[in-house]
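First up is the structure itself, then whatever we jot down about it.
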Amino acid sequence: MAPAYYFIFFAFIISLLMGFIVLPNVLVISHKHHLYDLPDDRKIHNIPIPRLGGVIFFPIITITIALLMGTRYFLGFDIIYISERSVLIELLFLLCGTCILYILGVKDDLVGVSYKWKFLVQILCGILLTLAGLWIHDGYGLLGINHIRARFGYPITIFLVVYIINAFNMIDGLDGLASGLASVSLITFALIFIQEKQLIYVLISISTLGVVFPFGIYNIFGNRMKGNKVFMGDTGTLTLGLILSFLFLRICLTDTETNYIHNYNLIAFSSLAVPLFDVVRVFYLRIINHHNPFLPDRNHIHHKLLKTGMNSREVTLTIIALSVLMIILNKWLSMYLDINNIACIDIVIMFIFHSATRSVIKQKGNH
């Protein structure tokens, strides 16, 4: 296993360095051609900011994985403990889906795309992952559901893919928020795959983490007046959402293969819980207020926390800390409780968190 750790390390370094090399060039192109995210009543920023930071994700992740796996085979190593045929099929369908979603994201960032087209393409990506064999076979005891037949597992999986992609697309409203939450999930996924000695999925996780890091530096610490600040854009959030969906489904299958002794599926879900819960809450509020649930507003968790008087960095750190807390708590609870009780506890925690936030907002009069 020792050589594998070198490949994991180099995956992060190569992806990281390429990000720092390519991203400044994206900024130059964005400023030259005025490719900006313009401010409006819904957004936090008040001056135009380049929004093409996410265009570097897919190419750099693909180059890093291809380079390292090609080198690994050239040196005579194989993919540890995994059927090469199944890995090839999964990666080909992931590559196909990510390419399609990447093109959609670039178009959306440049000229805009209807949410209906976004959903159609996301559904197509979900179908591609099910064709690769990545579909939910088991309910893990949630609501008493265990084995799931393909005719139910396929649509559930497609729904989950669309759900996760949109959750990360919608949570991207503050500097470092989407990239921070994605990093928490990617680190969690990488640790799970390391535990199971599944190198290729570790490389995907770490390569993605590596390119997200330089983006986060420019996004959080960049100076908008000096022109070195950048947003992720839909290209980035859609790419991250699909990769996280892919890794989450792979972990669910890994959990099934290991007879659930590690509760990997619960830990993986916990890392995604904050944006996933927020989507449900926001959709509920839009529906009861007779608004289109697919049109943006200012009801997300980060908008609410801003109204409590926190600044943007405090809000980002609070939400990321909440995500980490959910992982640690659910991992501990899994040793004593079943998945239904843990789900109830998670819902109660999120309800208390949002109730406390609303209470502070009312006290400050920031309705």
(message) Please list, ordered by chain and number, the residues whose modelled amide H lies under 5 Å from the amide H of Asp138; skip anything fewer than 5 residues away on the same chain.
(response) Ile148
(request) State the percent of C-alpha pairs, over all pairs in the chain, separated by a distance greater than 35 angstrom. (result) 22
(request) Give the cross-link partners of Lys307 among the lysines, using a straight C-alpha distance below 29 Å as the criterion and excluding same-chain residues fewer than 8 apart. (result) Lys43, Lys226, Lys229, Lys362, Lys364
(message) With just the Cα atoms defining each centre, how far is the stretch 201-224 from the stretch 94-171? Give it in Å.
(response) 23
(request) Quickly work out the Val111-to-Ile345 label distance, labels modelled 7 Å from Cα along the C-beta direction, and quote it in nm with one decimal. (result) 5.2
(message) Less than 19 Å apart at the alpha-carbon level, and either on another chain or at least 8 residues along: which lysines does that give for Lys116?
(response) Lys107
(message) To make sure I understand the rule: partners must be lysines, Cα under 27 Å from the Cα of Lys331, and not fewer than 8 residues away in the same chain. Which ones qualify?
(response) Lys197
(message) Per residue, how much accessible surface does the chain expose to a 1.4 Å probe? Answer in Å², no decimals.
(response) 46
(message) Need the full-extension length gain, Leu142 to Leu329, defined as separation in residues times 0.36 nm minus the C-alpha distance. One decimal, nm.
(response) 65.5 nm
(message) Taking R0 as 30 Å, what FRET efficiency do you get between Asn25 and Ala356 from their Cβ-Cβ distance, rounded to the nearest 0.05?
(response) 0.10
(request) For the chain, return all DSSP H helices satisfying: extent of Cα atoms along own axis at least 30 Å; mean Kyte-Doolittle hydropathy at least -0.5. (result) 2-32, 84-110, 150-171, 199-221, 233-257, 264-288, 312-333, 339-364
(request) Note down the accessible area of Ile347, probe 1.4 Å, to the nearest 10 Å². (result) 100
(request) On the protein heavy atoms, probe 1.4 angstrom, tell me the percent of accessible surface of the chain carried by carbon and sulfur. (result) 68
(request) State, as an integer percentage, the relative contact order of the chain based on alpha-carbon contacts under 8 Å between residues 6 or more apart. (result) 23
(message) Quick check: pseudo-label points 7 Å beyond the Cα along Cα→Cβ at Tyr336 and Asp297, how many nm apart are they?
(response) 3.8
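The values are calculated or read from the model by the stated rules, or taken from the named source; none is laboratory data. Keep in mind the model is a prediction, meaning the values are calculated, not measured. Cβ atoms come from the backbone with ideal geometry, glycine included; neighbour counts cover every protein chain shown. All accessible areas refer to the heavy atoms of the entire protein, side chains included, with ligands and DNA or RNA removed. Shrake-Rupley method; radii C 1.70, N 1.55, O 1.52, S 1.80 Å.
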